[in-house]
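Visitor: Take a look at the following structure, please.
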Amino acid sequence: MISKILEVYARPDFPTLLREHIVLSATALLIAIVIALPVAVLIRNTRLGAAIAINIGNIGRAVPSLAILALALPLFGIGFWTALVALAALAIPPILINASTGLREVDRGIIDAARGMGLSGSQILTGIQLPIAAPVIFAGIRTSAVQTVASATLATFIGAGGLGDLIVEGFQRRGPEILLAGAFSVALLAIITEIGFGLLERAFTPKGLKIAQKRRGK
Amino acid sequence: MSNPALLYLQDLTGGSELIDWEWLRENFWEDIVPAVQGHIFLSFISIAIALAISLPMGVLSARYRKVYPPVTFITGVLYSVPSLAMFAILVAAGISIGPTPVIIALVAYSLLILIRNTVAGLDAVPPETIDAARGMGLTDRQILFRVELPLALPIIVAGIRIAIVTIIGIATIGAYINGGGLGKLIFDGINRQFPTMIIAGAVLATALAIVADLLLLALERYLRPWARARKA
């Protein structure tokens, strides 16, 4: 069975499917970050803005990923761009929720102290709020990234390729080796994403915060 | 291989109505109601089985700390396997398509969230409260069932909320391997190039997730009388 699975990986179309999957996921995540982070920064000091962001995020979380992909179909037709729009829309809520709450949960006392020291609003943002919120923001990006890689598997249903193509082919041709080849590659990609972003998250946690976390016994 | 999505695009340029209300009325009892029922059935069975596994595992992990890291590792790996891949593995392993592999996958996805919240809930019980219970002569078992679990319940329910929303979403994909439910409307809609079915399935699945979330939120608040009292 293992050699049969390896044969599937040796097929000429496998690198293409893998590349499609990665390009689709990475681009969607990037678009989501570019949209969600500035919005979170803009609304960081308004209570209403945060409430709206969190509610939009929560409703977004309730929409099944298959539903978003399928709904994009009648609107934008088949293919890469439709999947990209749908996946980016799916990737926004976790980043928006985490960035918004992360920025708001920065201790008022610290911000007051910074203001007392004469720091401007943008200095407070880049020097204090963003570094302190960085681990929470990154946790959101990680959640989104793993979810995007997983949802990109469904892109096959709207004709946008990716590794989901292999799984669908496996079901249609009743080939367990194709099923497993597709499943393992997607699962591995998701797990690598999870671990990779976990390392990034650690790298982006400011030194001072790590010491504080250790002290609290985290 | 004829790609249904390709045909769809051709149909799109033909300019058909996005929502066919007539179809919705005619097929309400035949297609839509069974899909909703099937979806509720799948989600409910899955969360029930997941809870039956997670609660004891959570209590065990909270008691014997050494068990917890491997439990979170294994359930974490399960959680990160994309659903279509999970279905593929289960079917390749010889489980015939239908609701069974879907339920197994949905249970597998819920474990991490439910166990983690059970442990977090038990951890949040103040040690003084447990000391007081012990001082009153309660046995370990009584402390667990009468003090710790009731106090941990709101956090456990918060976990159930996240799990059920996840389950309801992923269950739609289960229709691809004949699991039934609202995903069937979505897939049929894609195959028949009929947006009405896609929209009906998508909207109802989302509504179901939101309703489940709100109901459990109400339960969570109800189980936290101390928080209500503080707010008032």
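Visitor: Conditions: (1) buried (at least 17 other Cβ atoms within 10 Å of the Cβ); (2) within 21 Å of the chain's Cα centre (by Cα); (3) away from chain B (no Cβ under 14 Å). A:V106 meets all but one. Number of the miss?
Guide: The single condition A:V106 does not satisfy is (2).
Visitor: Determine which single condition A:P93 fails, assuming it passes every other condition in (1) closer than 29 Å to B:V91 by Cβ; (2) within 14 Å of chain B (Cβ to nearest Cβ); (3) buried (at least 24 other Cβ atoms within 10 Å of the Cβ).
Guide: Of everything listed in (1) closer than 29 Å to B:V91 by Cβ; (2) within 14 Å of chain B (Cβ to nearest Cβ); (3) buried (at least 24 other Cβ atoms within 10 Å of the Cβ), A:P93 misses just condition (1).
Visitor: Same structure, new question: Of everything in region A:192-218, what is aromatic (F, W, Y) and assigned to a helix (DSSP H, G or I)? Give them in sequence order.
Guide: A:F197
Visitor: Hey, another quick one. May I ask you to list pairs of residues, at least six apart or on different chains, whose Cβ atoms are under 6 Å apart, with the first in region B:81-104 being in contact (Cβ under 8 Å) with a residue 60 or more places away in the chain and the second being among the small types (G, A, S) and in a loop (DSSP other than H, G, I, E, B)?
Guide: Note: pairs meeting the criteria are B:P99/B:G179; B:V102/B:G179.
Visitor: May I pose another question? Would you tally the residues in region A:77-91 being over 17 Å from A:A32 (Cβ atoms) and without any contact (Cβ under 8 Å) to a residue 40 or more places away in the chain?
Guide: Residues meeting the conditions: 1.
Visitor: Would you confirm, using the coordinates I've provided, whether A:V63 is among the β-branched types (V, I, T) and facing chain B (nearest Cβ under 10 Å)?
Guide: yes
Visitor: Considering only region A:30-62, state which residues are over 20 Å from the mean Cα position of the chain (by Cα) and within 14 Å of A:I137 (Cα to Cα).
Guide: Passing the criteria: only A:R44.
Visitor: While we're here: Has region B:62-82 got any residue that is buried (at least 20 other Cβ atoms within 10 Å of the Cβ), within 19 Å of B:F187 (Cα to Cα), within 13 Å of chain A (Cβ to nearest Cβ) and at pLDDT below 95?
Guide: yes
Yes or no, residue by residue, for (1) over 19 Å from A:S151 (Cβ atoms); (2) within 14 Å of another protein chain (Cβ to nearest Cβ); (3) not in a helix (DSSP H, G or I):
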| site | (1), (2), (3) |
| --- | --- |
| B:P154 | yes, no, no |
| B:I162 | no, yes, no |
| B:G183 | no, yes, no |
| B:G189 | no, yes, no |
| B:I210 | yes, yes, no |
| B:L214 | yes, yes, no |
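Visitor: Out of (1) surrounded by fewer than 16 Cβ atoms within 10 Å (Cβ to Cβ); (2) over 19 Å from A:A152 (Cα atoms), the odd one out for A:D13 is which?
Guide: Failed condition: (2).
Visitor: Out of region A:66-77, which residues are over 21 Å from the mean Cα position of the chain (by Cα), surrounded by fewer than 24 Cβ atoms within 10 Å (Cβ to Cβ) and within 8 Å of chain B (Cβ to nearest Cβ)?
Guide: A:P74, A:G77
Visitor: Is it the case that B:I95 is within 14 Å of chain A (Cβ to nearest Cβ) and either among the basic types (K, R) or not in a helix (DSSP H, G or I) (or both)?
Guide: Yes; evaluated as a whole, the condition is true for this residue.
Visitor: Consider region A:192-218. How many of its residues are surrounded by fewer than 17 Cβ atoms within 10 Å (Cβ to Cβ) and under 30 Å from A:F76 (Cα atoms)?
Guide: 0
Visitor: I've got another one for you. Tell me, which helices (runs of 4 or more DSSP H) lie completely within region A:111-191 with 2 or more residues that are surrounded by fewer than 22 Cβ atoms within 10 Å (Cβ to Cβ) and without any contact (Cβ under 8 Å) to a residue 24 or more places away in the chain?
Guide: In region A:111-191, the matching helices (runs of 4 or more DSSP H) lie at A:121-124, A:164-172.
The values are calculated or read from the model by the stated rules, or taken from the named source; none is laboratory data. The shown structure was predicted, so the numbers you read here are calculated from the model rather than taken from an experiment. As a convention, Cβ positions derive from the backbone with ideal geometry for all residues, glycine included, and neighbour counts pool all protein chains shown.
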